[in-house]
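Trainee: Before I ask anything, let me first share the structure, which is written out below as structure tokens.
The values are calculated or read from the model by the stated rules, or taken from the named source; none is laboratory data. All values derive from a computational prediction rather than experimental measurement. Because the Cβ atoms are built from the backbone with ideal geometry, glycine has one as well, and the counts that use them run over all protein chains shown.
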Amino acid sequence: MSTPALELTGLKKSFGKAEIIRGIDLSIGKAERHAIIGPNGAGKSTLFNLITARFPPTSGTVKLHGESLAGLEPFQINRKGLSRSFQITNIFPKMTVFENVRCALLWPQGYKYSFWNLVNYKRDLTEGADAILEQINLLERRDLPAGTLSYAEQRALEIGITIAGGANVIMLDEPTAGMSNTETDYITDLILKVTEGKTLIMVEHDMSVVFGLADRISVLVYGEIIATGKPADVRADPRVQEAYLGAALEAEH
Amino acid sequence: MTDQITTDPSKPSQRMRAGSMTITVLPWVAGAIALAVMPAIFTSNSALTIMNQMWITVVFALAYNMLLGQGGMLSFGHAVYAGVGGFACMHIMNMSDFFAAMPLPVLPIFGGLFGMGMAMIVGSFSTRNAGTVFAMISLGVGELIAACSVIIVAFFGGEEGISGDRTYAMPFFGNEFLQQIDVYYLTSFWVLVSAILMYLWSRTPVGRMANAVRDNPERAEFLGYSARWVRFYSFTASGFFAGVAGGLFAINYEILTEENLNTASSGVILLVTFLGGVGFFFGPIIGAIAFTLLQTVLSLQTELWAFYAGVLFLATVMFFPGGLAGLLMMHVPVFKLGHARSLVMPYLKTLLPAAIGLLGLAALVEMTFHFRHAALGDDEMTVFWTTFDTHTILPWIIAGVVTLVGLGIARATAPSLKEAWSAANTAPPVTTAKGGAA
Amino acid sequence: MKKFTKLGAVSALSLIVGASAAFAENIKIGFIDPLSGPFASTGTNGLHQYEFAVDYMVNDKGGVLDGKNFEVIGFDNKTSPKESLIQLQVAIDQGVRYIVQGNSSGVAAAITEAIDKHNRRNPDSRVLFLNYAAVDPSLTNEKCNFWHFRFDANADIKMDALTDVIARDEGIKKVYIIGQDYSFGKSVAEAAVEMLGEKRPDIEVVGNELHPIGKVKDFTPYSRKVISSGADAVITGNWGADMLGIGKSVIENGFEGPIYTYYAAGSGMTAAFGESGKGRIRLIAQGSINPIASEEARDLYNAFLEKYPEGNIDQSRIFNSIGMLARAIEEAGTADDVVAVASKLEGMEYETMWGGTMYMRPQDHQVIQDMYVGVHTDEDVEFDFDSSGFGIVTESVVEMASKDIATTCEMKRP
Amino acid sequence: MELILVNLIDGLVTGLLLFMLSAGLTLIFSMMGVLNFAHASFYMLGAYFAYQISIALGFWMGLLLAPIIVGVLGAGVERYGLRRVHQYGHVPELIFTFGLALLIEELVQFIWGKNQMPYNVPEILNFTAFSIAGNSIPAFKIFMIFVSVGIFVGLLFVLTKTRVGMIIQAALSYPRTVEALGHNVPLIFMGVFGVGTALAGLAGVIAGPVLGTFPGMAFVLGSIVFVTIVIGGLGSLWGALVASLLIGWLTTFAKSYNVRMEDILNGIGFSTPENMGESALRDLWTITSPQIADILPYILMVLILIFRPAGLFGKRHQ
């Protein structure tokens, strides 16, 4: 069997006395679409932040393609091909939409910290960014400051920035949070389109999105994964029903 | 509340975008021509001296804005890098053999390199954080080096500084830079080159990422860039151009002293940059020109120049946080819409009386000052071409009436100006910067 | 003052453009000193004295060269060498050929060097530098040049006179030297140690210390050291807030002996010391104010007080410099050829109304004159300072102080 | 040994004076995120107002009235200046206070001129409280200690025992929550700014007679107050106190004992170079502690920022 795209072993995180993540083992295969669900306060965002080194873990390891990420800074992890979005929109609001995407292309295209290249004259950057904009349907907004976009557009832009670099592991933190139904559908389609052939890990509340997108689902409750499996299996799991899903599903109807 | 001294995107000042101009050669050509023609208009040596001072400040302020405007780093000790570069140049000037083999126009490069070296040393620990921590480290380092300048006499020359003679350099195509006009062209050349290079820097990957890190360091990290290294590179580049400014200073004045390093100079460059406007590449240029005129020309006219400068500065921060450049640029949409003409009359109606009122106010201030501080027998003073006795009531009444009437008319016509302004701006959706006040 | 309130008299830029000296009648004297900023009070007082001096001593008496008047133009250098050089250029463009400056030896060094270069590069618009108060010895030693004339005694000469007086006081066995940490403070300390060692080898220097200039908030720790060293006298070259700070602090914290100073009078300082400094502060100066040296000086002082009731004449050298300049111009028969004027200034002997004779040494352009050591008191004070009732009363005179003091100056004449 | 005691007292006076300034500044900073560059200018205003009042009404009225006037002025600055600039973000706010500091200095010169004011210790306190080995401790210094300790105790009481104090403390950490609870946060801001500047004014009133009342007095003290609160940890009152005393004693002792760099370097194993006159490092070797006493706090600050960016008592992490 090939090495998993992302592998977590015994991951724990405490803030002071409170143990938020209480030993997580999880393995996500290549090109798998994996959703992490769970009630509020279960530690989903914390888990994301541990994987991307926003916080250091208390114990345990994170491996990307079999390589340990311990001690690496976020930017180093990103360079290894893991890219993420944020729960709260996290873009460069003063820059134009186009520039937002272009910034995401700089490192992956090998421009690094160079000061002898002029970005405006680089066709690969311009075309690459425009291609992404086309994918996320923001080409018309290309030259507007990103801060002036609508919320849904900003979320789309955020996804665009996240995937622009061509990372093969994409992590999306609640991509549809706070959206209307039509907007949600739009974003779901977008995610399907842009993560084609890539590993996707997402935290999501909207069950329709989760079941529509995910190959596998993990249920996180109080810092522990209580179930992992195919959507149908998870839906059927009595513990999940009890802990979370039942209540959530009922609330949906 | 966060410790981050980065500004919030939703706020008006943020709507200004550094370097939103597209690359075009035209402004640079115009700038070059202006630089070349200026000495034909202002011929005297003192005008040249003042213009040299302006251009040096322009380079320094642009370098400073690489940090503040483009990188979001607030430095309270940036004079250090210009100063160190300048001192290094001064020492090179005094190394007679080496200097005699070097044409003078090359000297600022050395200033730049030393400024850059200094910036690399300090940047290695100060750029880890932006915000308050960076600002306070810059203040501390600035104070330390300023204090060192009087203690470490070998390099900084103590209170008297280090002086030299630029004419001992290798003649540059027969030119020994004896006259101010020679130095003027040298300075102008460097100002143009530095400004172009700094502008191009903002178009490079690391320059673009400086903006990204300023706005959102965390996001930048998740795009593969280390915020710290991006800051470090900005800081280093800024140190280089500050050093170039220091080198130009050395050539111009042939002396460097403690004042080139001290916190007052660092503060001045902050004021200059902010006055001009940090949001636009050309903002600091306007700021440098305005401030130098204020400092050297207004101070010839009135002892209270610093008072007026302070008022102007506070007014800028309060009402036009985009600075003078922001004030100019908020008219761009109006011009684009072709409504500029509709603003001329309302402007005249409001701003002219306002200006007269303000001049009246300035006269009152001057008179008060004179009344309070002049010698007892010296009752006469001259304000605006008129000489009168401040101990009689009439001048006070006149100045008071002028002030009241001027400001009164301005106040009365202000609403119609506001209307005209919004009318001029309404047309298809206007999303561009409108500045702080209308 | 008039010059400064001429707001917008000439529109800003045309002032720079229309550079050349259009009004040839007046002989313009450019006063480059701080008129704004922390040291502005000293600068402004100096400007007042200069303006008064040219009117009273020259213009009201018919001017020089058959009716040409002196005109003093103030230029604010904000105590900055850079600004000084800019203003120097502006002054030269306005037709100024005589520059007077005094505050800060650093600025003086910058100006004297800039003038030397300017005169070399622009023989058509040469200028003279009349230094009325910058006392760093180097200006008339290694940094001397033909264009610079010093009308004040330099730091070494002052210390020579001070130590003469200290040496006469048998009661003094231990002295404490404290000064600002820069070239002037250091040269004061060096001179004091050297000269005391020569004149009174038995006097022990129990402390010799420098503090950061203009940065000390509280001098208490320094005065504690002075007191615990058991010093009988303190010597300090401090000026401005640092002088007041150290003086008040040593007295307040229990020091009983005399404090020998360079700059502890006028500019609000006499008033601030007031009763606490009485009989304690001693000051080296040229010219005697109390008792006034001559009737002429008394008339002048009274006329000055009429104009500036709260003013002080704490820099009598200003009047000497104007008097000597006027005479040199008369003797040279021209004000435009500064080389001729400078040649007349060299070696000039001038009877000053403030007592004694001034002699401008040709070899280094350092004036040699009588030095007076006075005491801060309110008794027998005819002319007080700062309208405080307190003033400086002369205690001892050193005639033609240090007239043979060595110089390393190698004067290059044009 | 007596000298140590004397220095302890002197350092205490300096430190407590610094505390009165830094206490207000740190409160203002932690609430509003504003590094108020004009804080020392309010200290200067306090001294000038007190001087002006003392001419007419005597020292004690000055002590009472000047801080109040300064506080009202401070509150006015917050209400009509800072609040307006607040919307533009922190950098413009900081620059606003920077400009304000310049303007206040100009205004003071405009009104009172450039000379030092003869603002003196009141007669009733103008005596020597006691002497230690010939070093007299003036009664006014004892008075200063009492006033500043009183202020500290009062501040501590208000912050920890009263309702207003609770709200302020809460607003320090959770301004949004406090606002959500229905408290008028802008009013609290204005109040804290007013009180903070009034404290600075009070410091000016009691420091003016000892340290001199002149237009440069704010500049001399200006940045050192920042250094204090940064070392102590932004937003921490205890930190401000500890850092103030630390700086007070550090500078006092550094000035009182001539520790020479040469001795230190020799002590850690470097030998003095032979021909020092030539060496470019000469000046480094001859440094003595009084020379650098006043820049020691800056060195301390830079070191602390590098190794512990939150300061000694700071809780916030970047």
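Trainee: Restricting to strands (runs of 3 or more DSSP E) lying wholly in segment C:118-219: which have 3 or more residues that are touching a Pro at 6+ places or on another chain (Cβ under 9 Å)?
Mentor: C:204-211
Trainee: Another one. Anything in segment D:68-98 that is within 20 Å of D:Gly201 (Cα to Cα) and more than 22 Å from the chain's Cα centre (by Cα)? List them, or say none.
Mentor: Once the filter is applied, which keeps residues that are within 20 Å of D:Gly201 (Cα to Cα) and more than 22 Å from the chain's Cα centre (by Cα), segment D:68-98 yields D:Arg79, D:Tyr80, D:Gly81.
Trainee: While we're looking at this one, here's another question. Only one of these is of a type in the set (S, T, N, Q) and in contact with a strand residue (DSSP E or B) (Cβ under 8 Å, 6 or more places away or on another chain): C:Gln369, C:Gln363. Name it.
Mentor: When all the criteria are applied, what remains is C:Gln369.
Trainee: Quick check on segment D:179-192. Is at least one of its residues more than 30 Å from C:Lys248 (Cα to Cα), out of contact with any Phe, Trp or Tyr (no Cβ under 8 Å at 6 or more places or on another chain), small (Gly, Ala, Ser) and modelled with pLDDT of 85 or more?
Mentor: Yes, segment D:179-192 contains a residue that is more than 30 Å from C:Lys248 (Cα to Cα), out of contact with any Phe, Trp or Tyr (no Cβ under 8 Å at 6 or more places or on another chain), small (Gly, Ala, Ser) and modelled with pLDDT of 85 or more.
Trainee: Is it the case that some residue within segment C:98-112 is buried (at least 21 other Cβ atoms within 10 Å of the Cβ), part of a loop (DSSP other than H, G, I, E, B) and more than 12 Å from chain B (Cβ to nearest Cβ)?
Mentor: yes
Trainee: Out of the residues in segment A:49-80 meeting the condition of being in contact with a Lys or Arg (Cβ under 6 Å, 6 or more places away or on another chain) and surrounded by fewer than 17 Cβ atoms within 10 Å (Cβ to Cβ), tell me which one is nearest to A:Ser14 (Cα to Cα).
Mentor: Per the stated criteria, the residue is A:Thr58.
Trainee: Kindly check whether there is at least one residue in segment A:34-48 that is crowded, with 20+ Cβ neighbours inside 10 Å and within 14 Å of chain B (Cβ to nearest Cβ).
Mentor: Yes.
Trainee: Moving on. Restricting to segment C:25-64, name every residue that is in a loop (DSSP other than H, G, I, E, B) and either within 14 Å of C:Val100 (Cβ to Cβ) or within 14 Å of chain D (Cβ to nearest Cβ) (or both).
Mentor: Selection gives C:Pro34, C:Leu35, C:Ser36, C:Gly37, C:Pro38, C:Phe39.
Trainee: Report yes if some residue within segment C:235-243 is buried (at least 20 other Cβ atoms within 10 Å of the Cβ) and facing chain D (nearest Cβ under 7 Å); otherwise report no.
Mentor: The answer is yes; a qualifying residue exists.
Trainee: Let me ask you something else. Of the residues A:Asn100, A:Asn120, only one is surrounded by 15 or more Cβ atoms within 10 Å (Cβ to Cβ), under 27 Å from B:Ser238 (Cβ atoms) and either at pLDDT 85 or above or not hydroxyl-bearing (Ser, Thr, Tyr) (or both); which?
Mentor: A:Asn100
Trainee: Counting only residues that are assigned to a helix (DSSP H, G or I) and charged (D, E, K, R), which one in segment D:92-129 is farthest from the other protein chains (Cβ to nearest Cβ)?
Mentor: D:Glu123
Trainee: Need pairs with beta-carbon distance below 6 Å; first residue within 14 Å of chain C (Cβ to nearest Cβ) and within segment D:216-242, second buried (at least 22 other Cβ atoms within 10 Å of the Cβ) and polar (S, T, N, Q); sequence gap 6+ or separate chains.
Mentor: D:Ala218/D:Ser41; D:Val225/D:Ser22; D:Thr228/D:Ser22; D:Thr228/D:Ser244
Trainee: A follow-up question, please. Condition (residue is farther than 21 Å from C:Lys403 by Cβ and at pLDDT below 90) applied to segment C:145-168: is it met by at least one residue?
Mentor: Checked segment C:145-168: no residue is farther than 21 Å from C:Lys403 by Cβ and at pLDDT below 90.
Trainee: Which fully enclosed helices (runs of 4 or more DSSP H) of segment C:245-356 have 2 or more residues being in contact with a Leu (Cβ under 9 Å, 6 or more places away or on another chain) and either closer than 30 Å to C:Pro221 by Cβ or within 14 Å of chain D (Cβ to nearest Cβ) (or both)?
Mentor: Here the list reads C:269-273.
Trainee: Turning to a different aspect of this structure: Restricting to segment B:238-264, name every residue that is within 13 Å of chain C (Cβ to nearest Cβ), in a helix (DSSP H, G or I) and under 27 Å from B:Thr167 (Cα atoms).
Mentor: Correct list: B:Ala245, B:Gly246, B:Leu248, B:Phe249, B:Ala250, B:Ile251, B:Asn252, B:Tyr253, B:Glu258, B:Glu259, B:Asn260.
Trainee: Can you tell me which of A:Pro108, A:Pro93 is within 11 Å of chain B (Cβ to nearest Cβ), surrounded by fewer than 22 Cβ atoms within 10 Å (Cβ to Cβ), in contact with an Asp or Glu (Cβ under 8 Å, 6 or more places away or on another chain) and not in a helix (DSSP H, G or I)?
Mentor: A:Pro93
Trainee: Identify all residues within segment B:358-372 that are in contact with a strand residue (DSSP E or B) (Cβ under 7 Å, 6 or more places away or on another chain) and either on the phi > 0 side of the Ramachandran plot or more than 14 Å from chain D (Cβ to nearest Cβ) (or both); write none if there are none.
Mentor: Of everything in segment B:358-372, just one residue is in contact with a strand residue (DSSP E or B) (Cβ under 7 Å, 6 or more places away or on another chain) and either on the phi > 0 side of the Ramachandran plot or more than 14 Å from chain D (Cβ to nearest Cβ) (or both), namely B:Ala363.
Trainee: Taking segment C:180-230, which residues are surrounded by 19 or more Cβ atoms within 10 Å (Cβ to Cβ), more than 7 Å from every other protein chain (Cβ to nearest Cβ) and hydroxyl-bearing (Ser, Thr, Tyr)?
Mentor: The answer is C:Ser187, C:Ser223.
Trainee: Then there is this: Suppose we filter A:Gly165, A:Gly197, A:Gly212 for residues that are touching a residue at least 24 places away in the same chain (Cβ under 8 Å) and at positive phi; which single one remains?
Mentor: A:Gly197
Trainee: Quick one: would you say A:Ile217 is closer than 25 Å to A:Lys80 by Cα, in contact with an Asp or Glu (Cβ under 9 Å, 6 or more places away or on another chain) and either buried (at least 16 other Cβ atoms within 10 Å of the Cβ) or free of Cβ contacts under 8 Å to residues at least 60 places away in the same chain (or both)?
Mentor: yes
This table checks each residue for (1) over 19 Å from B:Gly310 (Cα atoms); (2) outside any helix (DSSP H, G or I); (3) without any contact (Cβ under 8 Å) to a residue 60 or more places away in the chain; (4) within 13 Å of another protein chain (Cβ to nearest Cβ).
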| residue | (1), (2), (3), (4) |
| --- | --- |
| D:Val72 | yes, no, no, no |
| D:Leu82 | no, no, no, yes |
| D:Ser131 | yes, yes, yes, yes |
| D:Val147 | yes, no, yes, no |
| D:Leu159 | yes, no, no, no |
| D:Ala171 | yes, no, no, yes |
